[in-house]
Amino acid sequence: MQRDHGGVIAGTARLAIPGGFADTPPRPKQRSGPTLPLPRQLTTILFLSVTLFVAACATQRPEDLPRPTEADIAALADEIHALDPGIDAGEAARAAAIAYEYPLRLAVEYQVEDPPIIHNIKVNQGLKPRGLCYQWADDLQARLAQEGFETLELQRAIANSQSAIRIEHSTVVVTAPGDSMYEGIVLDPWRNGGQLFWGAVTEDDAYPWLPRQDVFARKRALLAAR
């Protein structure tokens, strides 16, 4: 075959198509099979996206989480002790050590290998045994309560209970006996997958904490009003 100067192959006209030319007419499109309904397509895409996200977000084994240093534990113990002059320094030190070390044991028991939100999904799907935020709080509170503290009080707080976007979150709060939850210190192992976060309740910018009893009372009132 030879091209003439007009851009024509002998015996075949060149057909203009978007993006260039074709030497033969385009073949009619053939359907390879039935297409999925749009909702199923979206579900499939979402499932693949979540799967890839989970794979990309996988973190280290729980056994390899960094251990707290003596300085870490001492800093928390000092903050607990400073909540009230009547708090025993020995109790503050024990509470601080448990708050740091026990969640690392829980991370192994919970088989935590992913960021908290992904781990929540796996727990809800039955792929992991435990590790929702309230379970971290339940187990840490139960372990601290075993110490029988006389100069410390353990309270519970919940954040995002009225949010339509953010998930509800629970934590343990340590206070002096009789103090408001807002005067205490958050002990939250969930948000870092077993590595303790702690800080003053009123200075925790990530979560707007409310006393758990207040949240439960509001929910009961809403149910009763229906």
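The values are calculated or read from the model by the stated rules, or taken from the named source; none is laboratory data. This one's a predicted model, so the numbers in the text were calculated from it and none came from an experiment. Here the Cβ positions follow ideal geometry from the backbone for every residue, glycine too, while neighbour counts run over all protein chains shown. Accessible surface areas use protein heavy atoms only, side chains included; no ligands, DNA or RNA. Shrake-Rupley method; radii C 1.70, N 1.55, O 1.52, S 1.80 Å.
What is the percent carbon and sulfur in the accessible area of the range 103-212, measuring with a 1.4 Å probe over the protein chains and ignoring ligands? Intermediate values should be presented prior to the final figure.
Numbers: 2310 of 4870 Å².
Here carbon and sulfur together make up 47 percent of the probe-accessible area.
Over the range 114-226, accessible surface divided per residue gives 50 Å², non-protein components excluded, 1.4 Å probe. Extending 7 Å from Cα along the Cβ direction at E109 and again at D78 yields two label points whose distance is 3.1 nm. The GluC sites (Glu not before Pro) of the range 71-176 that DSSP puts in a loop, and whose beta carbon has at most 16 other beta carbons within 10 Å, are E147, E150, E168. Quick check: from the Cα gyration tensor, does the range 105-169 come out rounded (a/c under 1.5), prolate or oblate? In terms of gyration-tensor shape, oblate.
Assign one of three labels to the range 96-226, namely rounded, prolate or oblate, based on the Cα gyration tensor with a ≥ b ≥ c the square roots of its eigenvalues; rounded applies when a/c is under 1.5, prolate when it is not and a/b is larger than b/c, and oblate otherwise.
In terms of gyration-tensor shape, oblate.
On full extension of the chain, what length is gained from E150 through A217, given 0.36 nm per residue of separation minus the C-alpha to C-alpha distance? Before the final figure, lay out each step's value.
Values: separation 67, 0.36 × 67 = 24.12 nm, distance 2.78 nm.
That works out to 21.3 nm of additional length.
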